[in-house]
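Report on one structure; see the data block that follows.
The values are calculated or read from the model by the stated rules, or taken from the named source; none is laboratory data. This one's a predicted model, so the numbers in the text were calculated from it and none came from an experiment. No Cβ is skipped: glycine too gets one built from the backbone with ideal geometry, and neighbour counts run over all protein chains shown.
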Amino acid sequence: FDDRDGFIWLNGTMVPWREARLHVLSHGLHYASSVFEGERAYRGKVFRLTEHSQRLIDSAAILGFTVPYTVEQLNAATEAVIAANGFRDCYIRPVAWRGSEMMGVAAQQTTTQVAIAAWVWPSYWDPETKMKGIRLKVAPWRRPAPETAPTRSKAAGLYMICTLSKHEAEREGYEDALMLDYRGQVAEATGANIFLVQDGVIHTPVADCFLNGITRQTVIELARRRGYQVVERAIQPEEFARTQEVFLTGTAAEVTPVRQIADWTFTPGAVCRAMIADYAAETGAASPAQAAE
Ligand code: PMP
């Protein structure tokens, strides 16, 4: 991914893609003092840009380091990267990490490094293919308790168990993994939040040990605006047996229907279709007329 044309914003300047390098003794690499964001631009406008920039700053603060830019500066840098690469629809990846000034667990004197990259990452499926849904394997790893890891931070270290879980799922032919939390309750997928539809009511786990996704919050609001009841509560995996529809939400995943989790099967239907359309209209991915089709 490093050998291509384009520009990456790195510590305040725009550098050619191939030259956006860091030192091998970076603290972020050795000790996971690294946080990141995932954003999408639709028709030239980044969806919920300020919330994402703020979350990057907050994620770093939770890990005890400071992003040396304001939300406004991060927003401007993000827009500059998109413009420098000539994109309109793209995925954006800001990342902030502790630098290489000292080595060891303690890193009090490191400076914070910040990079923002962007690339074209389309929603792979047309709406009809998407409606067939993906398959999830139950992960062998559990989301840690808030007193075990800084679960409110979008911290790189928290993704170690996500990569392990996703690789195992892919090896067995599934698209993604369902992660339970430390209590054995349904938590989320490896990079997206989860929703269940039971008898017309939408249920989603309380975000008390995983990321309260910006897409999750948007979809809850859109669903309520449509008149659906949305309940945030503890969800046991056994409940999938009496669930008709399941979908994932995330910046990259957008709204993605699920057709199978372990041996439970679902038929993506009216609620999945409605939330895909409403989210596309809200982000600006589709015109309201297209979204209503
Ligand atoms: N959970 C995890 C583990 C994620 O990586 C993501 C993607 N950032 C989400 C949930 C969804 O968050 P958002 O809707 O803000 O992209």
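Scanning the stretch 52-99 for residues that are hydroxyl-bearing (Ser, Thr, Tyr) and surrounded by 19 or more Cβ atoms within 10 Å (Cβ to Cβ) yields a total of 4.
Restricting attention to the stretch 1-44 and to residues that are over 16 Å from residue 86 (Cβ atoms) and β-branched (Val, Ile, Thr), the residue that is nearest to the chain's Cα centre (by Cα) turns out to be 35.
Across the stretch 22-37, the number of residues qualifying as among the small types (Gly, Ala, Ser) and surrounded by fewer than 19 Cβ atoms within 10 Å (Cβ to Cβ) comes to 1.
Being under 30 Å from residue 25 (Cα atoms) and surrounded by fewer than 18 Cβ atoms within 10 Å (Cβ to Cβ) is true for just one of 129, 111. Which residue is that? After applying the criteria, what remains is 111. Contact map, the stretch 185-204: residues that are touching a residue at least 24 places away in the same chain (Cβ under 8 Å) and assigned to a loop (DSSP other than H, G, I, E, B) paired with residues that are aliphatic (A, V, I, L, M) and near the ligand (Cβ under 9 Å from one of its atoms), Cβ distance under 8 Å, separation 6+ or inter-chain. Pairs shown: 190/179; 191/252; 191/253; 192/248; 192/252; 192/253. Summed over the stretch 163-186, the residues that are crowded, with 16+ Cβ neighbours inside 10 Å and over 12 Å from residue 136 (Cβ atoms) give a count of 3.
Given the criteria out of contact with any strand residue (DSSP E or B) (no Cβ under 9 Å at 6 or more places or on another chain) and not in a helix (DSSP H, G or I), does residue 152 qualify? Break it down into steps so the answer makes sense when it comes.
On the way: out of contact with any strand residue (DSSP E or B) (no Cβ under 9 Å at 6 or more places or on another chain): yes; not in a helix (DSSP H, G or I): yes.
So residue 152 passes the test.
Going through (1) at positive phi; (2) in contact with a helix residue (DSSP H, G or I) (Cβ under 8 Å, 6 or more places away or on another chain) one by one, residue 36 falls short only on (1). Of the residues 253, 241, 262, the single one that is within 16 Å of the ligand (Cβ to nearest atom) and surrounded by fewer than 22 Cβ atoms within 10 Å (Cβ to Cβ) is 253. Checking each residue in the stretch 95-150 for being free of Cβ contacts under 8 Å to residues at least 40 places away in the same chain and under 20 Å from the mean Cα position of the chain (by Cα) picks out 120, 122, 124, 125, 141, 149.
Cβ-Cβ contacts under 8 Å between residues 6 or more apart (or on different chains), taken from a first residue in the stretch 156-184 that is assigned by TED's automatic domain parsing to the domain that holds residue 138 and within 11 Å of the ligand (Cβ to nearest atom) to a second residue that is in a helix (DSSP H, G or I) and among the β-branched types (Val, Ile, Thr), are listed as 179/161. For the stretch 7-59, residues that are closer than 14 Å to residue 98 by Cα and within 16 Å of the ligand (Cβ to nearest atom) total 7. Look at the stretch 19-48: where a residue is not assigned by TED's automatic domain parsing to the domain that holds residue 252 and polar (S, T, N, Q) and a partner is at pLDDT 95 or above and part of a helix (DSSP H, G or I), sitting 6+ places away or on another chain with Cβ atoms under 8 Å, you get 33/27; 34/28; 34/156; 34/157.
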